[in-house]
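The structure under discussion appears below in the form of structure tokens.
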Amino acid sequence: MIGDRLFYVATEREIKEGKVTDVYFQRITHVLKEKGINPMVKGEIRANTLPEDWGWAVFSGLEELLNLMEGIKVKVKSIPEGTVFFAGEPVLTIEGRYLEFAVYETSFLGFLCQSSGVTTKAARCKKAAEGRGVYSFGARRMHPAIAPMIERNAFIGGCDGVAAVESAMLIGEEPIGTMSHSFILCMGDEEKAFQAFDEILPENIKRICLIDTFSDEKFGAIKAAKALGEKIFGVRLDTPSSRRGNMLKILEEVRWELDLRNFNDVSIFVSGGVDEKVIKELNPYADAYGVGTAISNAPVVDFSFDLIEIEGKPVAKRGKRSGEKQLYRCWECFKDVVTPYGSTLPRCPSCNQEMSPLISTWMEEGEKVKETPSPREIRNYVLKQIENDNLVIE
């Protein structure tokens, strides 16, 4: 036992009470209270740079931030959850008396930084797959307490399904999975395992056979297809790196052997060490991917929170632009422009069309003023954006 708890996790109550905070926020709020200083401020969240070679990212974590701020007298303006954004752009503004929300900065940045990283990595994998299936298999790579957060953001980023049961329930989706190596090892024989899986489980569960426990992949694929016949939906390759060799050639062999025996409709799934670069390489023969560590351990988006206005006057620290801002987009060209809030509606620098504002009010005086969309609605929004040819994967 760890005190009175089993796991090293903060409770929802502790987060809402502001206990998950960097200690200097407790200290400075104490000083400000003692001095009777509690100005009306506006603070802005943005990421000056993006991780790795990302040219764009997907914003997420807004719903949890709003839940955290509920009941606290603040105004929150933000781009919608699931919006593609670029480095240096403002994504969210919080307005209120500083002492109302100062101790929550650690938590709300944590929500946005990790969520946006996971969502972006999922979107990159989905775009790389060019219409092929992408499934989140990464719950086992992270602390189980945050598995639902990881898989929700993987789903809204574009994954077609998630594996963990609780995660799927919380987003209103059915969990997706195949079979494990341990199951086949316990059965002692691949063919017996495939047949038992088919015999016991209901017909609505797709028969996707894991083919690399004992056999060479192409012979495992033949064995699975013959064992289940018309019932087989697909084969999955989870070949360890020490046995992979040329994975594209292995997939080519599997496809050839299946097609030669008239199993043309059997899909090929690949998992294990998959990311957007691997996906682009294997697309010629793979039909779907299970992505684990690449998504669940995605780099965080390094958002920062900076005051930009105090008592109605623009002010900011060195290296930051003061004053509230609006982010405009031309949806045709996927070009963005940042202007002072309330400025004249700009025109696209490329096509001269009127641009659309992205930042709007989501919360007033600690109360939500509009409903956040469902995970599936956010996912559809993300998928529509990443279809744009101007968003590339370097």
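Details
- Members of the range 338-359 that are outside any loop (DSSP other than H, G, I, E, B) and either farther than 17 Å from Gln385 by Cβ or free of Cβ contacts under 8 Å to residues at least 12 places away in the same chain (or both): Val338, Thr339, Pro340, Arg347, Glu354
- The range 138-191 holds helices (runs of 4 or more DSSP H) entirely within its bounds, and those carrying 2 or more residues that are of a type in the set (Gly, Ala, Ser) map to 147-156, 165-170.
- Failed item in (1) of a type in the set (A, V, I, L, M); (2) touching a Ser or Thr at 6+ places or on another chain (Cβ under 6 Å); (3) within 24 Å of Lys384 (Cα to Cα), with Ala102 passing the rest: (3)
- Number of the exception - Glu52 against (1) within 19 Å of Lys325 (Cα to Cα); (2) charged (D, E, K, R); (3) assigned to a loop (DSSP other than H, G, I, E, B): (1)
- From the list Leu99, Leu109, the lone residue that is modelled with pLDDT of 95 or more, more than 11 Å from the chain's Cα centre (by Cα) and surrounded by fewer than 18 Cβ atoms within 10 Å (Cβ to Cβ) is Leu99.
- Residues considered: Glu190, Glu199. Of these, the only one that is touching a helix residue (DSSP H, G or I) at 6+ places or on another chain (Cβ under 9 Å) and acidic (Asp, Glu) is Glu190.
- Output for the range 173-189, where each listed residue is surrounded by 13 or more Cβ atoms within 10 Å (Cβ to Cβ), touching a strand residue (DSSP E or B) at 6+ places or on another chain (Cβ under 9 Å) and farther than 17 Å from Phe269 by Cα: Glu173, Phe183, Ile184
- Just one of (1) farther than 17 Å from Glu12 by Cβ; (2) in contact (Cβ under 8 Å) with a residue 60 or more places away in the chain fails for Leu66. It is (1).
- The residue that is surrounded by the fewest Cβ atoms within 10 Å (Cβ to Cβ), among those in the range 269-300 that are touching a residue at least 40 places away in the same chain (Cβ under 8 Å), within 17 Å of Phe233 (Cβ to Cβ) and aliphatic (A, V, I, L, M), is Ala288.
- Total residues in the range 255-267, condition outside any loop (DSSP other than H, G, I, E, B) and either free of Cβ contacts under 8 Å to residues at least 40 places away in the same chain or in contact with a Phe, Trp or Tyr (Cβ under 6 Å, 6 or more places away or on another chain) (or both): 6
The values are calculated or read from the model by the stated rules, or taken from the named source; none is laboratory data. Since the structure is predicted, the reported quantities are computational estimates derived from the model, not experimental observations. Cβ atoms come from the backbone with ideal geometry, glycine included; neighbour counts cover every protein chain shown.
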